[in-house]
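Below is one structure; the comments refer to it alone.
Every number here is computed from the coordinates shown, using simple stated rules; none is lab data. Keep in mind that this is a model prediction, so the values were computed, not measured. For neighbour counting, all protein chains shown are included, and Cβ atoms are generated from backbone atoms with ideal geometry for every residue, glycine included.
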Amino acid sequence: MKIQQQVYATLLLLVFGLSSTLFVLSGAEAQQPAWLPVPREQAVIVETDVDPAVFDKANPFIPGGTQWGSGWHQNVVEWDWYINYVTGEYILWRISGWEYKDNFRTFILRIRDGVKWNDGVQYTAEDVVFSVELQKQYFPTRYVALNVESARAIDKLTVELRLKEPNPRFHHVFRMWGPNGEWVRPKHIWEGKDPLTFANWPPVETGPYKLWKVFPDLKMYVWERVEDYWGKQVHGVFPGPKYVVWRRAPPADIDLADFLRGDVDSPIPFLFTVDMIKTAKAAGVPMVDAPFPDPVPFGIQFNMARYPLSLREVRWAIAYLTNKEKVASLYPVAEQGIPAKYMHADWGALKKYEYADIYEKYKFMVEYNPAKAEELLKGLGFEKGPDGVWVTPNGTRLSFTILAWGPPSVENLIANVLADELNRFGIEAAVITPSFATREEMRRVGNFWIDVEVSHLPHGMWLSGDIFEGAIRHHSTIRGEECGKQFCSPRLDQIVDTLKVRDPDDPNNEPLYREIVEMFLRELPYLPVVEKIFQPVFSTKYWVGWPTTENMYIIPYNWWPQLIFILFNLKPAPPPPPPPPPQEVTRIVTQLVTREVVTTVVAGQTIVQTVERKMEVTREVPVEVVPQWVFGVVAAAIIIAVAGVAAGIILRRRPK
């Protein structure tokens, strides 16, 4: 028995030596992360900047009922239709279309045949009717309850909604991030449940993933692909990864190390900084990036109720003094900043409002020109005082404070660049960074001069792609007491009231759309300064098909519900090509000797000579070096042979 133990011990040591030798000779392969409970090559790993607290609910109707950044919003829930904001295309997903009747009082919704919840039950008109009644009973102040008078199923896939008043934009309630949230619920799951307490866990939705497991200690959610996902048959799409893993991003040093190893596929841009991106690129890890503007540019808002900012020429002058190129060159959130050219983000879905002739009239949107700023102020009768500071005709010094968040925010960068330019020009300016609560109160009561924030007009219009939704935010009935310090206009009220009851695609709207754009440029209640660029990066070690600058097929943000369209596009990364076999060059030198007869005539005599010429010819001959793996195999064979011999000797010495 003792000898047998010696044999086994010897063999184990030799096997360990064999495996170690092969590992060293073959190079260290990527390892399964210890914290990851599913196979790495089957999972896409996405990060969030939110500390999760909800691990057992998916109820969108109650506070704390869902967890942002868990993946539920991004790859489990689906909407009836989407807008591809990159192109402006409508993506009719769970529905095939809609129709209005009776002067926009009746809305007909048509559901696609074959759409299923992840438990296999079909999505039908009864689900929509049930959801309308649920809203009317429990949530009377929300959009659906306020707008819908009644609902009925015409047939299994057709719903008729009778509206309380004409509403040609009601179809947006079924759109991604529509005005009522994720309100369409499966009747067979929610019927008989109290929507104020029901957990809906595991969540039953129509998306391509369902719950696999949550790991609260790791701040992690794992979702598993629905193998009979309805979109495979109806749309011909199916996600590549079997699992989607959402985790809270770790500290920056760990996050960067994980990305370099390929242990995370999609970091969150807010936390994966420009320096981290540059480090990853310098390291040569397989990756792509997709810098893209958020819908609302960073800019400055003027308090139009305070003189002299109440004069639009003063606002224009400040626009000419805003050095957008400098701000863009210092932009801290992406490798390259982009000056804002329009009142909204430069998206395909909003290009129809980029009227070139109108923007040409208001060059301050893109032009840094202190000379024109001086011309504007002098035209108002402003002059420079003895100390070089501009004063108004009534002796008011041009002196402003600029509200901003503290460094290193983009808002703080804009505020300081603007303050430097204003002071250099002769307008006193100082940046102040009050607390959040103080700043909100200053905004509310109008106790500010200039405020740096994201621009207002795009806030409503980007979601729907309809400028009406941005303009209505400035209607006097909505602004109320804020009119004055913020932009309101009787003419804008008239335009909004007209558009409110018109089909958004009515060609008669075009002159009104143009008037809105020109009104906001002429009055300039706020000035967009720099695009709010984020720079998502994606590892291509395990998955390819991510959006890139060259192929921006959808918004590249992993926190958006359009993530499903990225997952549909992902494919396993092809194995890297094997490196070429190493070669050595052998230099071969050959000496050639030639003889030739040379005849010359010297002083009338013919002389015949034999001349010998020598020449060296060099050739470089590649000689293949034995590949490294051969040494591994040879080493393995030697170790196995030694093991066999050792075992034989030990066994032969065993007493009989």
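Quick notes on this one:
- This model, with +1 at the C-beta of Lys and Arg and -1 at the C-beta of Asp and Glu, gives the stretch 306-361 a dipole about its Cα centre of some 240 debye.
- Bins of 5 Å, starting at 0 and running to the largest distance - Cα pair percent for the stretch 306-375: 3, 15, 19, 21, 20, 14, 6, 1
- Positive end of the dipole of the stretch 310-392 (Cβ unit charges, origin at the Cα centre): among 329, 349, 390, the Cα lying farthest that way belongs to 349.
- Over the stretch 343-438, all Cα pairs binned in 5 Å intervals from 0 give whole-percent P(r) values of 2, 11, 15, 16, 15, 16, 14, 8, 2, 1, 0, listed from short to long.
- Calculated over the stretch 409-452: convex hull of Cα atoms, volume per residue (Å³): 61 Å³
- Table column - 3J(HN,Hα) (Hz), the stretch 166-174, Karplus curve with 6.51, -1.76, 1.60, x for Gly and Pro: x, 8, x, 10, 5, 4, 5, 5, 9
- Translational diffusion of the stretch 219-274, µm² s⁻¹ [Kirkwood Rh, Cα pairs; Stokes-Einstein; 10 °C; 1.306 mPa s]: 119 µm²/s
- Given charges at beta-carbon only (K, R positive; D, E negative), |dipole| of the stretch 477-528 in Debye: 200 debye
- Dipole magnitude of the stretch 101-185 about its Cα centre (Cβ charges: Lys, Arg +1; Asp, Glu -1), debye to nearest 20: 220 debye
- Cα-Cα P(r), the stretch 151-203, percent of pairs per 5 Å interval: 4, 14, 19, 21, 23, 13, 5, 1
- Given 326/361; 363/485; 164/352; 164/500; 341/361; 326/532, the pairs whose alpha carbons are separated by over 21 Å: 326/361; 363/485; 164/352
- Largest first, the three principal axis extents of the alpha carbons in the stretch 189-294 are 56, 35, 28 Å in whole numbers.
- Ordering 302, 222, 287 by the projection of their Cα atoms onto the charge dipole of the stretch 198-326, which places +1 on the Cβ of Lys and Arg and -1 on the Cβ of Asp and Glu, puts 302 at the extreme positive end.
- Among residues other than residue 243 with Cβ under 13 Å from its Cβ, the summed charge is +2 (Lys and Arg +1, Asp and Glu -1).
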